[in-house]
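K.L.:
Let me give you the structure first, and then I'll get to my questions.
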Amino acid sequence: MTTIAQAVAERGLTLPAIPQPRGSFMPWSRLGNQLFLAGQICERGGAVLYPGKVGAEFDLETGKLAAQACALNLLASLSDAVDGNIERVVRCVRMNGFVNVAPGFHDVPLVINGASELFIDLFGEASRHARTAIGVATLPGNAAVEVEAIFEIRD
């Protein structure tokens, strides 16, 4: 059995521990074969990796790295929900991405590609998902990016 952590490592990345929620919520919730992953910011060990605004403190490419960091946090929650077994993941169904942006920054969808591209790489073309990408004035911890997702899983 290939685990999500192994698949991530094959791409030169590391699956982090599930970040501690910054509020009264769970990292994931299941309804039938749908797994709802709570929004994750670009943090590791409680520290925000990219604090600030994309288009001011960070450029587009760094914003994509921040989105990828969010996706890795989501994958940690996903791994927990499927007991690490990547074969239980059918696909990513939907993603919402939020980017802490400087006024006038218009490439919000390109930033969120940092998360989308990782999910498609891991789970294949069937994981090409519906998505919303929104520029916002602020995020928890002054994080540059936050991403949430819904996955289809099998028992």
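K.L.:
Amide H to amide H under 5 Å from residue 129: which residues, 5+ apart in sequence or cross-chain, H placed 1.01 Å off N in plane?
P.N.:
none
K.L.:
Give the relative contact order (percent, whole number) for the stretch 1-46; include only Cα pairs under 8 Å separated by 6+ residues.
P.N.:
Dividing the mean separation by the residue count of the stretch 1-46 yields 29 percent.
K.L.:
Moving to a separate point now. Skip the ligands, DNA and RNA, and give the accessible area per residue of the chain with a 1.4 Å probe, whole Å². Spell out each step's value before the answer.
P.N.:
Numbers: 7160 Å² over 155 residues.
Per-residue accessible area for the chain comes out at 46 Å².
K.L.:
Placing +1 on the Cβ of each Lys and Arg and -1 on the Cβ of each Asp and Glu in the chain, which of 118, 38, 67 has its Cα farthest towards the positive end of the resulting dipole?
P.N.:
38
K.L.:
Arrange the peptides 80-91, 129-140 so that the one whose residues have, on average, the most other Cβ atoms within 10 Å appears first.
P.N.:
In descending order of packing, they fall as 80-91, 129-140.
K.L.:
Which of these, 23, 52, 104, has the largest mean-square fluctuation under a Gaussian network model of the chain (Cα springs below 10 Å)?
P.N.:
With Cα springs under 10 Å in the chain, the top fluctuation among 23, 52, 104 is at 23.
K.L.:
Follow-up question, since we're still on this one. Please report, as a whole percent, how much of the solvent-accessible surface of the chain comes from carbon and sulfur atoms (probe radius 1.4 Å). Working shown, then result.
P.N.:
Details: 3770 of 7160 Å².
With neighbouring chains kept in place, the figure for the chain is 53 percent.
K.L.:
For the stretch 65-91 and the stretch 18-56, compute the distance between their C-alpha centroids and round to whole Å.
P.N.:
Computed from Cα coordinates, the inter-centre distance equals 11 Å.
K.L.:
About the Cα centre of the stretch 12-77, what is the dipole size in debye to 20, counting +1 per Lys and Arg Cβ and -1 per Asp and Glu Cβ, all else neutral?
P.N.:
Details: 5 positive and 4 negative charges, 48 e Å.
The dipole of the stretch 12-77 has a size of about 240 debye.
K.L.:
What order, most packed first, do the peptides 40-48, 69-77 have when packing is the mean number of other Cβ atoms within 10 Å of each residue?
P.N.:
Values: 40-48: 18.0, 69-77: 25.8.
Per-residue mean Cβ counts within 10 Å order the peptides as 69-77, 40-48.
K.L.:
Please figure out what share of the DSSP beta bridges in the chain is antiparallel and state it in percent, rounded to the nearest 5. Intermediate values should be presented prior to the final figure.
P.N.:
Working: 23 of 32 bridges.
Percentage antiparallel, nearest 5: 70.
K.L.:
Give me the percent relative contact order of the stretch 66-155, please, defined on Cα pairs under 8 angstrom at least 6 residues apart. List each step's numbers first, then the result.
P.N.:
Details: 155 pairs, mean separation 42.0, N = 90.
Relative contact order of the stretch 66-155: 47 percent.
K.L.:
Counting only DSSP beta bridges with both residues in the stretch 67-155, tell me the antiparallel percent, nearest 5. Show your work: numbers first, answer last.
P.N.:
Details: 9 of 16 bridges.
Of those bridges, close to 55 percent are antiparallel.
The values are calculated or read from the model by the stated rules, or taken from the named source; none is laboratory data. For clarity, every value in this text was computed on a predicted model and none was experimentally measured. A quick note on method: Cβ atoms are made from the backbone with ideal geometry, for glycine too, and the neighbour counts reach across all protein chains shown. In case anyone asks, the SASA skips ligands and DNA or RNA and just uses the protein heavy atoms, side chains included. Shrake-Rupley method; radii C 1.70, N 1.55, O 1.52, S 1.80 Å.
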